[in-house]
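S.K.: Got a structure for you, written out below as structure tokens; questions coming shortly.
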Amino acid sequence: LNSILSIFFRDIEVIGRDRLPRHGPMIFAINHANQFVDAAVVLGTCGSDFKVSYMMAEASWNRRIIGDIAKALDVVPVKRAQDDAIKGTGKVSFQVEDFQASRKLKVMGVDTSFLSSLKTGDKIRPTGTATGVKVVEIVDDTTAVVDASAVGEEEVQNVFLNT
């Protein structure tokens, strides 16, 4: 396993391994660029002293080969919200009225069906960005309001107002 890891990393240093509890469960939350390399890093650095189990996106777990390996290793599948994402119909544009005060954007649609395809609490995002905004009101089939409080003003200008 370490020879496989050496393809991706020149050196792996584990800091604080001595502070891991010797008994009971632990959860490692890894912010990763590659889910498979991350799993190998945890197994390669902690696997000899601890029983390691993994969670994996259900979409990957259901794929041939990768899923077969995951099932053999008792990986637990996890359903993610983005795995159920659907592309909406029509075209949308975002409008801002008083963003500083409300942190909300108005979504204006053409050939859209917001009443049947959206519900309050859903997230929508422009194509090509990972940033989603939460629907707070559905006015009609072509108008909705989203909460953009988690989005910076620069991103609102560069992403949402240029779609």
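The values are calculated or read from the model by the stated rules, or taken from the named source; none is laboratory data. All figures in this text were calculated on a predicted structure; none of them were measured in a lab. Positions of Cβ are generated from backbone atoms using ideal geometry, with glycine treated the same way; all protein chains shown enter the neighbour counts. Note: accessible area is taken over every heavy atom of the protein model, side chains too, but ligands, DNA and RNA are not part of it. Shrake-Rupley method; radii C 1.70, N 1.55, O 1.52, S 1.80 Å.
S.K.: Report the residue count in the range 79-100 for those that are assigned to a helix (DSSP H, G or I) and more than 18 Å from ALA144 (Cα to Cα). Steps first, answer last, please.
M.R.: The first filter runs over the range 79-100 and keeps only residues assigned to a helix (DSSP H, G or I), leaving 81-84, 99-100.
Filter once more, so that each one left must be more than 18 Å from ALA144 (Cα to Cα): 81-84, 100.
The number of residues fulfilling the criteria is 5.
S.K.: Filter the range 25-60 for residues that are in a helix (DSSP H, G or I) and of a type in the set (Asp, Glu) and give the result.
M.R.: Listed by number, the residues that qualify are ASP38, GLU58.
S.K.: Only residues in the range 43-57 that are in contact (Cβ under 8 Å) with a residue 12 or more places away in the chain count as the first member; pair them with residues that are acidic (Asp, Glu), Cβ under 8 angstrom, at least 6 apart or cross-chain, and list the lot.
M.R.: SER53/ASP74; ALA57/ASP83
S.K.: Looking at the range 149-163, I want the residues that are of a type in the set (Ser, Thr, Tyr) and have a partner that is at pLDDT below 80 with Cβ atoms under 9 Å, at least 6 apart or on another chain. Which pairs are those?
M.R.: Listed pairs, sorted by first residue: THR163/THR127; THR163/GLY128; THR163/THR129.
S.K.: Give the residues of the range 101-135 that are within 15 Å of the chain's Cα centre (by Cα), part of a strand (DSSP E or B) and either among the basic types (Lys, Arg) or under 12 Å from GLU155 (Cβ atoms) (or both), sorted by residue number.
M.R.: Across the range 101-135, the qualifying residues are LYS123, VAL133, LYS134.
S.K.: Still on this structure, I have one more. If the requirement is being closer than 22 Å to ASP83 by Cβ, of a type outside the set (A, V, I, L, M) and in a loop (DSSP other than H, G, I, E, B), which of these qualifies: ARG10, ARG63, ARG22?
M.R.: Working: ARG10 fails: closer than 22 Å to ASP83 by Cβ; ARG22 fails: closer than 22 Å to ASP83 by Cβ.
None of the other options fit; the residue is ARG63.
S.K.: Something else about it: Look at GLY128 and say whether it is open to solvent by 60 Å² or more (accessible area, probe 1.4 Å), of a type outside the set (Asp, Glu) and out of contact with any strand residue (DSSP E or B) (no Cβ under 6 Å at 6 or more places or on another chain). Break it down into steps so the answer makes sense when it comes.
M.R.: Working: open to solvent by 60 Å² or more (accessible area, probe 1.4 Å): yes; of a type outside the set (Asp, Glu): yes; out of contact with any strand residue (DSSP E or B) (no Cβ under 6 Å at 6 or more places or on another chain): yes.
The answer is yes for GLY128.
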